[in-house]
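Below is one structure, written out as structure tokens, with a few remarks after it.
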């Protein structure tokens, strides 16, 4: 009943001799993304009282008279501020996710900054977003707002941050390096929108 072929000893290795592909290491460690997210959230929270004061000065007198209840007006502004905080944190999450995707598919080099490892695009998003929050805390509210004045500064930041990765960029073809630098600039400018 037994098959003669099944009784023969196995010839050859039982497993593949070729090593398995190691999963690609992320350019930015999760810890870096978490630190950037928590720092951004903390800065937005620290800015909240100042933002609330600025919002209070921008409520049109007609609307304030129509509401006719300072507590209700304050509640509406606080609800709007909280919605703004949620949208801002969500925008930061989207930009960090976009940065991670770009680091996975376009440029995966990374650098260590103390205990944190980061890629170019996560560094760009973090510096631009956190920098904007810090400048907004230091510089008093202005018209048309810090976003319009920060956009050129963010573009320059997006242009200069690739210098941190110059050794890796020089090893690439010029066209690919140019695309990476242009992507860094675009990502930096896009954080002005978020």
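The values are calculated or read from the model by the stated rules, or taken from the named source; none is laboratory data. This structure is a prediction, so every number in the text was calculated from the model and none was measured. For neighbour counting, all protein chains shown are included, and Cβ atoms are generated from backbone atoms with ideal geometry for every residue, glycine included.
Can you spot a residue in the stretch 34-52 that is in a loop (DSSP other than H, G, I, E, B) and either under 26 Å from residue 162 (Cβ atoms) or at pLDDT 85 or above (or both)?
No, because not a single residue in the stretch 34-52 is in a loop (DSSP other than H, G, I, E, B) and either under 26 Å from residue 162 (Cβ atoms) or at pLDDT 85 or above (or both).
Restrict the check to the stretch 165-175 and report whether at least one residue is crowded, with 16+ Cβ neighbours inside 10 Å, at pLDDT 90 or above and either within 15 Å of residue 29 (Cα to Cα) or within 13 Å of the chain's Cα centre (by Cα) (or both).
no
Residues in the stretch 111-134: is at least one outside any helix (DSSP H, G or I), touching a strand residue (DSSP E or B) at 6+ places or on another chain (Cβ under 7 Å) and surrounded by fewer than 19 Cβ atoms within 10 Å (Cβ to Cβ)?
Yes, that holds for at least one residue.
Residue check: is residue 89 touching a strand residue (DSSP E or B) at 6+ places or on another chain (Cβ under 7 Å) and surrounded by 13 or more Cβ atoms within 10 Å (Cβ to Cβ)?
Spelling it out, it is not the case that residue 89 is touching a strand residue (DSSP E or B) at 6+ places or on another chain (Cβ under 7 Å) and surrounded by 13 or more Cβ atoms within 10 Å (Cβ to Cβ).
For the stretch 64-84, enumerate the residues that are at pLDDT below 90 and within 20 Å of the chain's Cα centre (by Cα).
84
Only one of 55, 92 is part of a helix (DSSP H, G or I) and closer than 19 Å to residue 161 by Cβ; which?
One residue alone meets the criteria, 92.
Of all residues in the stretch 96-110 being touching a strand residue (DSSP E or B) at 6+ places or on another chain (Cβ under 9 Å) and outside any helix (DSSP H, G or I), which is nearest to residue 37 (Cα to Cα)?
Filtering first and then ranking leaves 110.
Output the residues belonging to the stretch 178-192 that are more than 14 Å from residue 99 (Cα to Cα) and either surrounded by 17 or more Cβ atoms within 10 Å (Cβ to Cβ) or in contact (Cβ under 8 Å) with a residue 12 or more places away in the chain (or both).
Within the stretch 178-192, 179, 192 qualify.
Go through (1) in contact with a strand residue (DSSP E or B) (Cβ under 7 Å, 6 or more places away or on another chain); (2) free of Cβ contacts under 8 Å to residues at least 60 places away in the same chain for residue 55 and report which single condition fails.
(1)
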